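In what follows, a single structure is set out as structure tokens and then discussed.
Since every read-out is calculated from the coordinates, none of them should be taken as a lab result. None of these values were measured; they are calculated from a predicted model. Because the Cβ atoms are built from the backbone with ideal geometry, glycine has one as well, and the counts that use them run over all protein chains shown.
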Amino acid sequence: MFSDLTEKLNDIFKVIKSKGVITEKDLDNALREIKFALLEADVNYKVVKDFTKELKEELKGKELEKSLTPGQIVVEEVHKKLTEILGGQAQPLTITKTPFIIMLVGLQGSGKTTTAAKLAKFLRSKGRQPLLVACDIYRPAAIKQLQILGKQINIDVFSKENSKPEDIAKEALNYAKQNGKNVIIIDTAGRLHIDDELMEELERIKQKIEPDEILFVADAMIGQEAVNVAKVFDERVGITGAIFTKLDGDARGGAALSIMKVVGKPIKFAGVGEKISDFEPFYPDRVASRILGMGDVLTLIEKVRETENEKEAKELARKLKKQQFSLDDFLNQLKKIQKMGSIAKIIQMIPGMNKVKIDDEESFNKEIKHIEAIILSMTKEERQNYKILNASRKRRIAKGSGTRVSDVNRLIKQFIEMNKMMKGMNKSKAFNLMKRLGI
Ligand code: GDP
């Protein structure tokens, strides 16, 4: 997600953090480069302009010249502003009534059908009873696709032949009421381009069933066009939020960074891969952290919670809180990540690991084997306290693991970096997390 932007911003921060004093010229240079980086990531021009202008004003008021860590202040301010343009406070999907009706709209190929299934599975994991509804009557393949996905995740799909979409939606509503389904997710038809006929159809469905949420599904790969299309859907049908798909891969992500400011609607979820589990609620501050290469420990813990058990997630949170994360835990975490799948995505959530490039899972698995061999060649004491690793110990470990001393050094460096990042984790965030996990 946003990897090019992350790389560029990190380069800019590296320069600015290396300065003991930041002059106005340094700041102007950095702001200009931030501007280019955002434009290159395809963020809307006006959004970029406002972003840098406001950032400059904020930073002027911070009296950077009086600070001992002026670079850090710049980074924090960029984080704050990024969070703001991504929507500020998270606005999660809140189910307020039964049955709760969610209608997904968007262009063909944006990922609506896949997202419908992802959302259904997500809501079921939160204790809901979802029903999927196939209203894309023009493409039999779309109905079939939803049925296949529904079967795969064991969630009912309502469909009907020779009926109008609005009638299917209405009947699905009755079916849901009679069958104890408390959330309805409607997959509507899309077109390659916006056309009147499609909009009218969506309006009719809306009128007939009065959805609680109309979520615009946007393909992040199409860039700014996604924002323009969102605007039209909002004007015609009225959307309540957006789901960005394909935020994995090469998407520059600028559309996701522009939609809140341009259309004024929050992003509720992000699709980050083709698998049904590649789906996350969208938290602006966490995404801002990821863009800035600070990792996203909170989402990582939630992922552990989904795949592992509650006890392990609590233990991980406790260790993070007490900063007792050892090399053993590091290895454990990496192995769990291996099990969770989608390694490339998850690894980015670990603070300090955003620079690890994963070209293919196979080489990553090899890398984990290396790390495992190195850590297992250490004594228990060394694993708990890497600081005792002197040159001769490192030579022994390298020999024992069939690696080189430089590999051992690299691993230690990564581990130190990660610990440093975790220490920098916002205290209130950590506290909130503990509270949520009941610690
Ligand atoms: P629809 O026409 O809007 O219903 O789109 P589909 O759900 O059929 O998705 C179109 C293509 O996008 C499919 O090949 C999906 O597998 C793919 N897709 C959907 N969401 C994502 C995502 O988050 N990441 C990636 N990489 N592919 C996705």
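Only aspartates and glutamates eight or more places from residue 387 in sequence, or on another chain, were considered; those with a Cα closer than 14 Å are 417.
Amide H contacts for residue 245 (H built 1.01 Å from N in the peptide plane; partners 5 or more residues away or on another chain; cut-off under 5 Å): 218, 219, 220, 271. Using just the Cα positions, wrap the range 100-291 in a convex hull and report its mean projected area in square nanometres, one decimal place. Computed as one quarter of the Cα hull surface, the answer is 10.0 nm². Could you tell me the center-to-center distance, by alpha carbons, between the range 226-245 and the range 98-156 in angstrom? Using only Cα atoms to place each centre, the spacing works out to 19 Å.
Placing a label point 7 Å from the Cα of residue 192 along the Cα-to-Cβ direction, the residues of the range 93-129 whose backbone N falls under 12 Å of that point are 108-109. The modelled label-to-label distance for the pair residue 379/residue 72, using points 7 Å beyond Cα in the direction of Cβ, is 3.5 nm. Here's the list of aspartates and glutamates a cross-link from residue 62 could span, going by alpha-carbon distance under 14 Å and ignoring same-chain residues fewer than 8 apart: 24, 54, 76, 77. For residue 389, the shell of other residues with beta-carbons less than 11 Å away shows a net charge of +4, using +1 for Lys and Arg and -1 for Asp and Glu. With a threshold of 20 Å on the Cα-Cα distance, the over-threshold entries among 97/206; 160/181; 112/275; 319/399 are 319/399. Magnitude of the charge dipole for the range 3-85, about its Cα centre and with charges confined to Cβ atoms of Lys, Arg (+1) and Asp, Glu (-1), is about 160 debye. Summing +1 for each Lys or Arg and -1 for each Asp or Glu among the other residues whose beta-carbon sits under 9 angstrom from that of residue 167 gives +2. Each peptide in 94-100, 198-204, 254-260 receives the mean, over its residues, of other Cβ atoms within 10 Å, and ordering these scores from highest gives 254-260, 198-204, 94-100.
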